[in-house]
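The values are calculated or read from the model by the stated rules, or taken from the named source; none is laboratory data. Since the structure is predicted, the reported quantities are computational estimates derived from the model, not experimental observations. For neighbour counting, all protein chains shown are included, and Cβ atoms are generated from backbone atoms with ideal geometry for every residue, glycine included.
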Amino acid sequence: MKKLYLILFSFATALTLQAQNFQVHYDFGKTRKYITTTFELFKSDKWGNTYTFTDIDYNYGEHNSPSCAYMEIARCLNFWGGPFSWQVEYNGGFGGYRGGLTNPDGGSYPINNAWLTGVDYFMHSADFSKTLNLKILAKDIIGKNFSPQFTTVWGVQLLKNKLTLDGFADLWWEKDTYANAGKDPNPVFITEPQFWYNVTPNISAGSEIELSTNFGGHDGFMCNPTLALKWNF
């Protein structure tokens, strides 16, 4: 539930765009069965664009209190025109254990800070109804390792903007993941395609399908679909 850049800026006209939305997902994954909320904001300006999002999971204790919070913020710098931008990004957050017989009160753990920087290449159709970003980034996972990260972000508007297909895919290498502690850096892959039917310009209903390998403490492949509502501000 992240990195869903709605429409990026026009390099030729210095057009200023702003978009923000709030999403509520119910996750049907085998080990999930909980609600996640996402707040996204995207804003472009004459110097480039800024994107940020925050995810919060709700599955702690009998009252399903917030259990995990994660955020990213990325700045793409482009004041020279053309399809290439320079990107700087920060990722971080924390998670909460749900508790058990040996530790009924649960506990918390950090999601390692990570800093990324690199190049973003932006492609789009003439009317911006189809967009694609390709990114090559250097990722410093604090306390773990450096890694290249390869990212793609896409967005497609169909049926006179009634149907939106968007999402992202990330590939990087990370040492000491939960399932592979002590081993060499393992490839981590995650993609989250989203499908939205835009009931009105403000209200959308749809789904996200998280497909991942060696991600979030799981060794191997996972598929976690959701049902979701989105309010576009």
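So Leu171 passes all but one of these: (1) within 17 Å of the chain's Cα centre (by Cα); (2) among the aliphatic types (A, V, I, L, M); (3) surrounded by fewer than 16 Cβ atoms within 10 Å (Cβ to Cβ). Which condition number does it fail?
(3)
Need the failing condition index for Asp55 against (1) surrounded by fewer than 19 Cβ atoms within 10 Å (Cβ to Cβ); (2) charged (D, E, K, R); (3) under 19 Å from Gln149 (Cβ atoms), just the number.
Going through (1) surrounded by fewer than 19 Cβ atoms within 10 Å (Cβ to Cβ); (2) charged (D, E, K, R); (3) under 19 Å from Gln149 (Cβ atoms) one by one, Asp55 breaks only (1).
Are any of the residues in segment 177-185 small (Gly, Ala, Ser) and either at pLDDT 95 or above or assigned to a strand (DSSP E or B) (or both)?
no
Given the options Gly96, Gly92, Gly118, name the one that is small (Gly, Ala, Ser), touching a Cys at 6+ places or on another chain (Cβ under 7 Å) and surrounded by 14 or more Cβ atoms within 10 Å (Cβ to Cβ).
It is Gly96.
Which residue out of Lys139, Lys160 is loosely packed, with under 15 Cβ neighbours inside 10 Å and either in a strand (DSSP E or B) or modelled with pLDDT under 95 (or both)?
The unique qualifying residue is Lys160.
Identify, from the list Phe215, Phe168, Phe195, the residue that is closer than 19 Å to Phe53 by Cβ and outside any strand (DSSP E or B).
Phe215
I'd like to verify a number: residues in segment 66-108 that are hydroxyl-bearing (Ser, Thr, Tyr) and modelled with pLDDT under 95, how many?
4
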